[in-house]
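See structure below.
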Ligand code: DON
């Protein structure tokens, strides 16, 4: 078997002293204090072995990575009816751009840009008795870890500065694509983004996407066909207007967040997560992308 520990150690060694680490997100004030030198990698093989290096046990704000959990939950409730309210095309635009939303009559391009995730949050609010508690429980169950929590300061920080998301939600409402109140939908959306997890917990929670919908606790949560579709959306839309670049460099379905986390996976083989808070101009972790490019190049393990 390949020496995975050696592979991730060498990638970590090569990148940990890189001077140009990108910029920590500052449009959410509470995220701007995070030390850009944090850098962790966690690799979970489907066969059961685990490998880690660096800050793989430090919790961080998962931000847009939460959009994959929200999509999974909504897909489970609604099935293909979901696609009446949003599309599955890459946007080619930054994650917070609104222009396409107006051109396309309030139907977001995909569930991973902010407007699409706001529609998913609306669908979940209509379905769940206690949206925040139920969503957190779902993530805890997927990760098989009850210590996962919301960071209330991050949620509040985004609530007081998230004018762009208020604009998106109001535009959706004006097109009739939001059932619930703007305030309620955004409160839920900001909380969902403010969940904190570490690299290990993220690889656990994403296990089902590499395992035909069967989670770590051996419960079948989504059909193989639904998992195929979510992985396809991760590949084509998981990195916003850099999805092409991520497929080109790394060659795995995955999802990033402005907290600097990335999770990527190879079906039937592994889930890998990186955390390095500095972002490139497109909002994806700079060192994380480099680490994953090195990983699939060194191991020759990618979907292509
Ligand atoms: O709504 C926002 O802007 C953030 N809560 C999430 C954005 C995000 O993580 C996009 N990631 N690359």
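Read-outs: derived from the displayed coordinates by stated rules, not from any lab. Not measured: the values here are computed from a predicted model. FYI the Cβ positions are ideal-geometry reconstructions off the backbone, even for glycines, and counts take in every protein chain you see.
Quickly run through region 37-54 and pick out the residues that are under 19 Å from the mean Cα position of the chain (by Cα) and over 18 Å from residue 264 (Cβ atoms). Once the filter is applied, which keeps residues that are under 19 Å from the mean Cα position of the chain (by Cα) and over 18 Å from residue 264 (Cβ atoms), region 37-54 yields only 38. The set of residues in region 91-105 being buried (at least 20 other Cβ atoms within 10 Å of the Cβ) and either assigned to a helix (DSSP H, G or I) or away from the ligand (no atom under 13 Å from the Cβ) (or both) consists of 101 alone. Return yes or no: is residue 53 touching a helix residue (DSSP H, G or I) at 6+ places or on another chain (Cβ under 8 Å) and within 16 Å of the ligand (Cβ to nearest atom)? So residue 53 does not fit the description; no. Of the residues making up region 191-201, those that are assigned to a helix (DSSP H, G or I) and crowded, with 22+ Cβ neighbours inside 10 Å are 191, 192, 193, 199, 201.
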